[in-house]
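Taking it in order: structure first as structure tokens, then the write-up.
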Amino acid sequence: MASSSSSYNSPCAACKFLRRKCMPGCIFAPYFPPEEPQKFANVHKIFGASNVTKLLNELLPHQREDAVNSLAYEAEARVRDPVYGCVGAISFLQRQVQRLQKELDAANTDLLRYSLADISPPPPASLSVPQGMISVQPIPQRQFSGRNEGFYRQSPTTTYSSFPYSLPWTDTSSVDMSEGGGGGGNHM
Amino acid sequence: MMASGYSNSPCAACKFLRRKCNQDCIFAPYFPPEEPHKFVNVHKIFGASNVSKILNEVLPHQREDTVNSLAYEAEARIKNPVYGCVGAISVLQGQLFRLQKELDATNADLIRFTHEGSSSLGLGHVHSDDFFNYPSNLSNDM
């Protein structure tokens, strides 16, 4: 949350950390309040104050709060997990998406099987049946895999075209990195 | 991809930093000269000295994954300067939410089909708490 502009009495967390005077117009002051010293400490450790300054200067003022919050999130994740940082969370979530998609495919397959089991068998060819006499259970409009692979199943590999980033060191299928809204992303 | 670090050609980091690439260069195994953009991105977002400190904090066998995840984060931040790879987390959480709703609805339909005395199906259900709150101990002001 952006706090009010720096006051002479209370330097922002960044200037406190850097042991410098917090001037009016300090670029860090709205986003690093003195009550949250760890936020800047993490960001400084991972990204460095000058890199954060350059990043913020490249953005429009209304984008900076979100940028600082996402940097703080990444920095905290990297401090807790120096090897994977928040990319570990992405990998975990991607696996959950795949697992849930498999569950959904299986449930849809089961639903299709039950739906088809309720359809009356076709009459002998010698008889003509008036239209409308055969009742068919309505099949809900769900996402069908189109494959009937048995009750408990192997699901096909699923790609998620909406996921903009690829993880080069996993064996999941993924899409290439694409434009994620550079120059002012608005994903969220 | 890990380069040997012992070739005559300086690694991408030392090329970029215009310095001699020694045999014990910490960057050389992970920033081969054929991938200059990898170090350029990492340097732009994190800085060479911060990367060096992080690599020195992890065990040698962890460094390749560390560099790859830093490179991933750096590229994501360059493509999306506001949200970086945190944007991807948000997208994935949205996908999970939609999939869970879809699964709940499909399971409800299955229950309707089978409520008249069929054997129990042992319907699968993924508990949403596991992934909606990940990482649960991190602040999330998004």
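A few points about this structure:
- Residue that is farthest from A:LYS54 (Cα to Cα), among those in the stretch B:79-102 that are more than 7 Å from chain A (Cβ to nearest Cβ) and not charged (D, E, K, R): B:PHE97
- The stretch B:30-88 holds helices (runs of 4 or more DSSP H) entirely within its bounds, and those carrying 2 or more residues that are touching a Cys at 6+ places or on another chain (Cβ under 8 Å) map to B:63-79.
- Residue that is surrounded by fewer than 23 Cβ atoms within 10 Å (Cβ to Cβ) and modelled with pLDDT of 95 or more, where the choices are A:VAL83, A:VAL87, A:VAL68: A:VAL83
- Of all residues in the stretch B:32-78, those satisfying the criterion of being buried (at least 22 other Cβ atoms within 10 Å of the Cβ) and in contact with a Gly (Cβ under 7 Å, 6 or more places away or on another chain) are B:SER69, B:GLU73, B:ALA76, B:ARG77.
The values are calculated or read from the model by the stated rules, or taken from the named source; none is laboratory data. What you see is a predicted model, and the numbers here were worked out from it, not measured in a lab. Don't worry about glycine lacking a Cβ; one is built from the backbone with ideal geometry, like all the others, and counts go over all protein chains shown.
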